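Shown next, in structure tokens, is the structure this report addresses.
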Amino acid sequence: MATWDDVRCLVAALPGTDEHPSYGGHPSWRVRGKAFVWDRPLRPSDREALADAAPDEAEPVLGVRVADEGVKAALVADDPAVYFTTPHFDGHPAVLVRLAQIAADELAELVEDAWRLRAPVALVAELDRRPRP
């Protein structure tokens, strides 16, 4: 089970990142001004589209940038208890994550992958030069 503190720790370990308020004052995390993960509470239209599959109101939902629609579809198909999408994100390379349902190691990989998609080449190279645990 992951938390917002886990997201903050993972993001803080990546070069060039910051936390910035997004729509409605909810946090988003950026690399050099480009968002790659964000708090994405569901809107009434999202809840209507998801119907019974919608997470509980209090359940945290993380928006995550992915490479393309194919990656998003694969994640949702592979583990719909964790990953989902709404019509709002049709055509956009982003997936929604039930934060309380994702394993810590999977979240770490997802956050880093999203960061790599948005980070400048020099920052990616900086991260790649770091020793891995």
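A few remarks follow.
- Restricting the stretch 1-29 to residues that are over 15 Å from the mean Cα position of the chain (by Cα) and at pLDDT 95 or above, the residue that is farthest from ALA119 (Cα to Cα): ALA13
- Of all residues in the stretch 63-83 being in a loop (DSSP other than H, G, I, E, B) and charged (D, E, K, R), the one that is farthest from VAL111 (Cα to Cα): ASP79
- Here is the figure for the stretch 1-19: residues that are in a helix (DSSP H, G or I) and within 28 Å of PRO87 (Cβ to Cβ) total 3.
- Cβ-Cβ contacts under 7 Å between residues 6 or more apart (or on different chains), taken from a first residue in the stretch 87-99 that is of a type in the set (D, E, K, R) to a second residue that is surrounded by fewer than 14 Cβ atoms within 10 Å (Cβ to Cβ), are listed as ARG98/GLU59.
- The single residue among LEU127, LEU50 that is more than 12 Å from the chain's Cα centre (by Cα), in contact (Cβ under 8 Å) with a residue 40 or more places away in the chain, surrounded by 14 or more Cβ atoms within 10 Å (Cβ to Cβ) and farther than 18 Å from ASP6 by Cβ turns out to be LEU127.
- Picking from residues in the stretch 1-38 that are among the charged types (D, E, K, R) and in contact with a Pro (Cβ under 7 Å, 6 or more places away or on another chain), the one that is nearest to VAL111 (Cα to Cα) is GLU19.
- Meets criteria (within 14 Å of LEU62 (Cα to Cα), of a type outside the set (Ser, Thr, Tyr) and assigned to a helix (DSSP H, G or I)) for LEU127: no
- Number of residues in the stretch 20-29 that are outside any helix (DSSP H, G or I) and more than 23 Å from GLN101 (Cα to Cα) equals 3.
- In the set (1) in a loop (DSSP other than H, G, I, E, B); (2) in contact with a Ser or Thr (Cβ under 7 Å, 6 or more places away or on another chain), PRO133 fails one condition alone, (2).
- Considering residues of the stretch 93-123 that are over 13 Å from the mean Cα position of the chain (by Cα) and under 21 Å from ARG30 (Cβ atoms) only, the residue surrounded by the fewest Cβ atoms within 10 Å (Cβ to Cβ): VAL121
- Single residue of the stretch 92-124 satisfying the filter (outside any helix (DSSP H, G or I) and either of a type in the set (Gly, Ala, Ser) or modelled with pLDDT under 95 (or both)) that is farthest from CYS9 (Cα to Cα): ALA94
- From the options VAL66, VAL61, VAL37, residue that is surrounded by 12 or more Cβ atoms within 10 Å (Cβ to Cβ), over 17 Å from GLN101 (Cα atoms) and modelled with pLDDT of 95 or more: VAL66
- Tally, over the stretch 1-50, of residues that are within 15 Å of VAL64 (Cβ to Cβ) and out of contact with any strand residue (DSSP E or B) (no Cβ under 9 Å at 6 or more places or on another chain): 1
The values are calculated or read from the model by the stated rules, or taken from the named source; none is laboratory data. In this text the structure is predicted, and so the values were computed from the model without any measurement. Every residue, glycine among them, receives a Cβ derived from its backbone with ideal geometry; neighbour counts consider all protein chains shown.
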